[in-house]
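Colleague: Mind having a look at this structure? Questions to follow.
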Amino acid sequence: MPNFPAGKGNPYSGYATPSITFFSAIFDGFTNLQSDGSFKPALAISWEQLDELTWVFDLREGVEFSNGEPFNAHAVVRAAEYLQSEAAQLFAIQRELAVLEHVIALDTHRVQITTRRPVPLLPRVLSAFRIVAPDYWDEAGPEKFATAPVGTGPFAVESWNEASIRLVRNNASWRPAKLEQLDILQVSDSSVRLQTLTSGDVDIAMALSPEDRDLLESSGYVFKANRAPNILVLTFVTVEEGPLQDPRVRQALNIAINRTPIIDVFLDGAVPVPSQPAIRSAFGYNPELVPLDYDPDRAKKLLAEAGYPDGFEIVAEVITGVTTNDAAVFQQVFADLKRVGVTVNPQIISSAQLVSGIGSGHWRGRMFMLDYNLLPALDALSVMTIHSCLRRIPWHCDEDVMPLAERAYAEPDLAKREQLTQTMMAELVASPPALILYEAARFDAHASEITEYRAGFGIIEYEGIERAHRE
């Protein structure tokens with residue numbers, strides 16, 4: 001894989017890739033996200049919503065952690081207590097699980113959860129509530145636990161160093177692995193990942209280039225385009241005065257981009273032209289919206305109506321080498337914008353600079369590369385938690401759409417919540433918060449002897465992987 005999780009094996013340190021790609025081998029949540037975008041019961045086998053804020057979950061019986069500790073309601077309560085403690089406030093998962101107000105054990109395998117506000121998608125959200133062996137967590141502490149994690153998943157960690165992780169089958173798991181052992185290597189360069197696969201040093205290579213398809217398939221390898229949980233965007237900074245404060249300008253930029261050749265050339269045609277700032281599998285995705293148009297003449301007209309008949313110049317902060325062919329994609333996007341009179345001056349920044357800008361609100365440009373990541377619940381409305389006035393220091397704040405967003409967040413009825421979110425998607429197309437590019441995709445390949453390799457939305461279904469013996 002390209003990189004290991006920054007928080008290593010601490011399941012509370014992240015809920016996006018690459019964290020969840022690794023976590024799905026070691027841990028389970030109440031539900032588990034599947035490679036097809038569905039959610040299935042995991043440590044919780046059933047649930048009932050008693051009122052707008054109260055849920056009861058029945059837990060899976062007969063489950064043990066890989067160190068022999070029993071999984072039960074006591075383990076769930078202790079995990080919840082830790083996540084509500086001051087020590088856990090810096091962990092990324094806090095933003096999603098802060099909605100939990102009380103978690104109490106009703107008996108050994110039943111818990112009651114009370115939320116701070118209505119969360120009709122709570123079973124999906126709790127896919128991020130990965131339960132750790134409570135006694136070992138207390139004994140080891142987060143730092144030691146991170147390099148020797150203990151969960152209920154199909155594998156356990158035997159060793160962990162900077163370059164490799166060795167996993168061995170967790171025979172106590174309720175979803176046991178078919179492989180006895182799995183070695184995961186960290187290889188940051190995609191060309192080196194390709195070489196290690198074709199040389200036979202590894203059986204599976206992740207995050208390859210779509211240009212590798214012909215070579216690999218002609219050599220007998222299986223090449224797969226896997227769907228991702230995010231949509232790539234160049235988000236607009238509209239809290240400071242400038243052209244992007246006008247929704248007509250933001251619309252113009254979105255219809256000035258010819259996405260079809262970009263997707264066909266740089267992503268092997270693996271994803272469709274998007275219709276909204278959400279992936280197709282998201283809850284609240286609006287199926288009535290049509291793919292974003294390519295209409296440079298109308299884009300010029302909108303720019304003129306907004307007072308920019310000759311276009312304007314803008315700085316965009318981008319990171320390259322993060323997603324498939326991103327440098328080439330940005331070059332083509334900026335060329336399309338140039339054709340309608342908008343000159344983009346790209347500034348390459350590091351991930352650290354991006355994080356700093358998000359935290360401080362200080363930007364050199366008026367667009368910056370980000371994505372709309374819909375994990376953990378694949379909820380289209382989650383876009384609003386980051387890319388709106390709801391942020392402590394927002395970069396885009398459209399007061400006109402906030403009443404609808406607030407209604408959707410407060411709606412306890414699942415069907416009504418879905419309708420409100422679909423309406424929200426239409427509003428975000430009419431007044432876009434970002435230059436919407438395309439759904440992300442990840443290209444993996446494996447040897448023909450590997451069967452049942454299923455990956456998607458950032459996770460791998462490790463328990464199904466098999467390796468046939470060569471004759």
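Colleague: Only one residue in ASP189, ASP201, ASP135 is within 30 Å of GLY62 (Cα to Cα) and of a type in the set (Asp, Glu). Which one?
Modeller: ASP135
Colleague: Given the condition of a type in the set (D, E, K, R), under 23 Å from ASP400 (Cβ atoms) and buried (at least 16 other Cβ atoms within 10 Å of the Cβ), answer yes or no: does some residue in region 309-319 qualify? Steps first, answer last, please.
Modeller: Let us first name the residues in region 309-319 that are of a type in the set (D, E, K, R), namely 310, 313, 317.
Filter again for under 23 Å from ASP400 (Cβ atoms), leaving none.
Checked against the condition, which is being of a type in the set (D, E, K, R), under 23 Å from ASP400 (Cβ atoms) and buried (at least 16 other Cβ atoms within 10 Å of the Cβ), region 309-319 yields no hits at all.
Colleague: Still on this structure, I have one more. Pick from LEU83, LEU106: which is touching a residue at least 60 places away in the same chain (Cβ under 8 Å), more than 30 Å from ARG227 (Cα to Cα) and not acidic (Asp, Glu)? Steps first, please.
Modeller: Values: LEU106 fails: touching a residue at least 60 places away in the same chain (Cβ under 8 Å).
Result: LEU83 is the single residue among LEU83, LEU106 that is touching a residue at least 60 places away in the same chain (Cβ under 8 Å), more than 30 Å from ARG227 (Cα to Cα) and not acidic (Asp, Glu).
Colleague: Given GLU69, GLU61, which one is surrounded by fewer than 16 Cβ atoms within 10 Å (Cβ to Cβ), out of contact with any Gly (no Cβ under 8 Å at 6 or more places or on another chain) and not small (Gly, Ala, Ser)?
Modeller: Selected residue: GLU61, the only one of GLU69, GLU61 that is surrounded by fewer than 16 Cβ atoms within 10 Å (Cβ to Cβ), out of contact with any Gly (no Cβ under 8 Å at 6 or more places or on another chain) and not small (Gly, Ala, Ser).
Colleague: Inside region 268-316, can you point out the residues that are of a type in the set (Lys, Arg) and under 25 Å from MET384 (Cβ atoms)?
Modeller: Step one: of region 268-316, the residues of a type in the set (Lys, Arg) are 280, 298, 300-301.
Within region 268-316, just ARG280 meets the criteria.
Colleague: Could we say that LEU100 is closer than 23 Å to TYR15 by Cα and either more than 27 Å from the chain's Cα centre (by Cα) or buried (at least 17 other Cβ atoms within 10 Å of the Cβ) (or both) here?
Modeller: So LEU100 fits the description; yes.
Colleague: So, in region 1-21, exactly how many residues are of a type in the set (A, V, I, L, M), more than 17 Å from VAL150 (Cα to Cα) and crowded, with 21+ Cβ neighbours inside 10 Å?
Modeller: Here the count works out to 1.
Colleague: Give me the residue from region 80-97 that is in contact with a helix residue (DSSP H, G or I) (Cβ under 7 Å, 6 or more places away or on another chain) and not charged (D, E, K, R) and, out of that set, surrounded by the fewest Cβ atoms within 10 Å (Cβ to Cβ).
Modeller: Ranking the qualifying residues of region 80-97, first place goes to GLN94.
Colleague: Filter region 454-471 for residues that are surrounded by fewer than 21 Cβ atoms within 10 Å (Cβ to Cβ) and either part of a loop (DSSP other than H, G, I, E, B) or in contact with a strand residue (DSSP E or B) (Cβ under 6 Å, 6 or more places away or on another chain) (or both) and give the result.
Modeller: ARG454, GLU461, GLU466, ARG467, ALA468, HIS469, ARG470, GLU471 - these are the residues of region 454-471 that are surrounded by fewer than 21 Cβ atoms within 10 Å (Cβ to Cβ) and either part of a loop (DSSP other than H, G, I, E, B) or in contact with a strand residue (DSSP E or B) (Cβ under 6 Å, 6 or more places away or on another chain) (or both).
Colleague: When both residues are 6+ apart or on different chains and their Cβ atoms are under 7 Å apart, which pairs have a first residue that lies in region 228-249 and is without any contact (Cβ under 8 Å) to a residue 40 or more places away in the chain, and a second that is part of a loop (DSSP other than H, G, I, E, B)?
Modeller: Between residues of region 228-249 that are without any contact (Cβ under 8 Å) to a residue 40 or more places away in the chain and residues that are part of a loop (DSSP other than H, G, I, E, B), the close pairs are GLN245/THR238.
Yes/no per residue for (1) closer than 30 Å to ALA282 by Cα; (2) touching a strand residue (DSSP E or B) at 6+ places or on another chain (Cβ under 9 Å); (3) without any contact (Cβ under 8 Å) to a residue 12 or more places away in the chain; (4) of a type in the set (D, E, K, R):
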{"site": "ARG110", "(1), (2), (3), (4)": "yes, yes, no, yes"}
{"site": "ILE113", "(1), (2), (3), (4)": "yes, yes, no, no"}
{"site": "ARG116", "(1), (2), (3), (4)": "yes, yes, no, yes"}
{"site": "ALA140", "(1), (2), (3), (4)": "no, no, yes, no"}
{"site": "LYS144", "(1), (2), (3), (4)": "no, no, yes, yes"}
{"site": "ALA177", "(1), (2), (3), (4)": "yes, yes, no, no"}
{"site": "GLU217", "(1), (2), (3), (4)": "no, yes, yes, yes"}
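Colleague: Further question: Restrict the check to region 155-169 and report whether at least one residue is part of a loop (DSSP other than H, G, I, E, B), in contact (Cβ under 8 Å) with a residue 12 or more places away in the chain and surrounded by 13 or more Cβ atoms within 10 Å (Cβ to Cβ).
Modeller: Looking for residues that are part of a loop (DSSP other than H, G, I, E, B), in contact (Cβ under 8 Å) with a residue 12 or more places away in the chain and surrounded by 13 or more Cβ atoms within 10 Å (Cβ to Cβ), one finds none in region 155-169, hence no.
Colleague: Residue pairs, Cβ under 7 Å, 6 or more apart or interchain, first in region 37-61 and assigned by TED's automatic domain parsing to the domain that holds SER173, second in a loop (DSSP other than H, G, I, E, B) and aliphatic (A, V, I, L, M). List them.
Modeller: Final answer for the pair search is GLY37/LEU378; LEU43/VAL63; LEU43/ILE131; VAL56/LEU50; LEU59/LEU43; ARG60/LEU43.
Colleague: Restricting to region 380-407, name every residue that is under 20 Å from the mean Cα position of the chain (by Cα) and either farther than 20 Å from ALA430 by Cα or assigned by TED's automatic domain parsing to the domain that holds PRO123 (or both).
Modeller: Hit for region 380-407 is ARG391, nothing else.
Colleague: Exactly one of these conditions fails for ARG417: (1) surrounded by fewer than 15 Cβ atoms within 10 Å (Cβ to Cβ); (2) part of a helix (DSSP H, G or I). Give me its number.
Modeller: Going through (1) surrounded by fewer than 15 Cβ atoms within 10 Å (Cβ to Cβ); (2) part of a helix (DSSP H, G or I) one by one, ARG417 breaks only (1).
The values are calculated or read from the model by the stated rules, or taken from the named source; none is laboratory data. Just so it is clear, the model here is predicted, and its values are computed rather than measured. Ideal geometry is used to build each Cβ from the backbone, glycine not excepted, and the neighbour counts take in all protein chains shown.
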